[in-house]
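One structure below.
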Amino acid sequence: MQYRRLGHSGLQVSELSLGSWVTYANQVDVKAAKEMLALAMDCGINFFDNAEVYASGNSEEVMGDAIKALKWPRLNYIVSTKFYWGLAATDAKAVTINRKNTLNRKYLMQAIDGSLKRMGLDFIDLVYCHRPDALTPIEETVHAMSDMITQGKALYWGTSEWSADEIRAAWCIADKHHLHKPVMEQPQYNLFHRKRVEHEYARLYEDIGLGLTTWSPLASGLLTGKYRNGVPKGSRGAQKDMDFLVKGLTDDAKNSAVTRLEVVANELGCTLGQLAIAWAAHNPHVSTVITGASKIKQLRDNLGAADVIAKLTPDVMTQIDKITTPLAA
């Protein structure tokens, strides 16, 4: 496992990381999380991604309990969380002011305390604004996020799925007022979703030192080849709350491209999934690629991508681009 700086910060993150979206508290309990976290750490992963909204806060609890059971020294690992959607009020009579459009100061100051409690930590390394909030002035959000760091509750802050203009505006506000600046962005990035990372953010890497912790390298499983004959039972696409993915997962043109990518993967001696993850990690602007797994076997397969990155020569990359670029958004 190689390590890369998170943008222009001094923090070193593993080129592959492990996330908890969809899996933790849904498919993965504390026992399974402990086993996978231990394997990931043994293989060199030091960054573990989470979010307040994942499994309505239960994902943070599962990860926190697993880390506590592993008794890792706090210096050895990096954890994250993300704020925006909030958590539904448990009291049906309560006014749910903490649902969506929530990057105001009141919500953020309470959200960080909630995540710290659920994860059982004194501080969280990376905190993200999970989506932009059009109803809250960016200046208010920047001040609140900076204050989290000043108070010692977080170490770095960033954004997820913000536009380049929104990221630059936040950075400029922080710079003007001598506040803690956003360090990283967490965008979707895979062979079929690449224009934002490769074009829209292009100026930000040098101009403000933006780092990337990218998600969905397998395009929700499309790039593993499992959807070439429809939606298999037990897959992500078969889950009721994931039915919005089905149209893209069963797209004929993309699945045809996946079949052609399999030829490239076979030539390199790797799986389709490993090829896709390695391709995302090959981008020098990507600090870490967040992977997900519900089983040890999946995690082991994903980790094998680390050995494939060096095999992606210019000729191989050109071959991959010819297959996928025409279909990329």
**Asked** When you scan segment 82-91, how many residues do you find that are hydroxyl-bearing (Ser, Thr, Tyr) and touching a residue at least 12 places away in the same chain (Cβ under 8 Å)?
**Response** 1
**Request:** Output the residues belonging to segment 36-81 that are buried (at least 23 other Cβ atoms within 10 Å of the Cβ), of a type in the set (D, E, K, R) and without any contact (Cβ under 8 Å) to a residue 60 or more places away in the chain.
**Result:** Glu60
**Item:** Within segment 196-234, considering residues that are out of contact with any strand residue (DSSP E or B) (no Cβ under 9 Å at 6 or more places or on another chain) and β-branched (Val, Ile, Thr), the one modelled with the highest pLDDT
**Value:** Ile208
**Request:** Sort out for me the helices (runs of 4 or more DSSP H) sitting completely within segment 248-329 that have 1 or more residues that are under 16 Å from the mean Cα position of the chain (by Cα).
**Result:** 272-282, 296-303
**Request:** Give the residues of segment 164-215 that are on the phi > 0 side of the Ramachandran plot and either without any contact (Cβ under 8 Å) to a residue 40 or more places away in the chain or basic (Lys, Arg) (or both), sorted by residue number.
**Result:** His178
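The values are calculated or read from the model by the stated rules, or taken from the named source; none is laboratory data. All values reported here derive from a predicted model rather than from experimental measurement. All Cβ positions, even for glycine, are placed from backbone atoms using ideal geometry, and neighbour counts span all protein chains on display.
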